[in-house]
Amino acid sequence: MYRMSGNFLKILIFLLLVYAFSLSKIATAALKCEEIKKIPTTSKVIALTFDDGPDPDITPRILEILYKNNIKATFFVVGEKALLHSSILKDIYAQGHTIGNHSFSHIALDDKDKSTIKKEILLTNLIIKILTNSEPNIFRAPYYRCSKTLNNVLKEMKIKHIGYTYADFNKKTKSSDFIKFIINNLTPGMIILIHEHKNISFGYDKRPTVFILEELIQEIKQRGYEFVSF
Ligand SMILES: [Zn+2]
């Protein structure tokens, strides 16, 4: 009986040590991304950026809206999706938009070692290069999670990390509130992040962000802003 509880104590201490170690790992991993959160400009320009594509349902709709409004945007694509939907990736590029790297498999990279991070970035750049004959020099970290190692790899590869000013993450807002929020906070150089897949939708009306895109563009245009890509 005594032996068993002794073992139990050892196991408990071991688990606590594992837990403490994982906490310290998280603490060191949670590092700010070295990034551009706004375009440094005083001109009335806005950058639309789209994450997590290409998506076979959503991306063609986005491209249609952008084409109709004569707008160039930036797409941070996921390598494995680019491979799966290569014709859509080619369409994005053919329509004059900028393509950025959003990793190969959309895993969090802040707790990964240098070689894993490099593989995720290099593989995606290679796929994009093969499909478009052009290689991205901009990156956005999946889940927006950075580490010192990731920042160093990006520096080494001469790739810039692009952040955002406002994103569609807040699922508790209505889509109309998101538009209002952006319009009320419009500033030169603002970078807007919109997701290309259906999983990010507004809490109240469950509409993926793409369905507010046309309305958002019109509201921004009415205030004399132009759209730029990276
Ligand atoms: Zn993402």
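Bear in mind that the values in this text are calculations on the coordinates, not laboratory data. Keep in mind it's a predicted model, so treat the numbers as computed, not measured. We place every Cβ from the backbone using ideal geometry, glycine too, and count neighbours over all the protein chains shown.
The modelled label-to-label distance between GLU219 and ILE130, using points 7 Å beyond Cα along the C-beta direction, is 4.1 nm. The distance linking region 111-184 with region 31-109 is 10 Å (Cα centroid to Cα centroid, whole angstrom).
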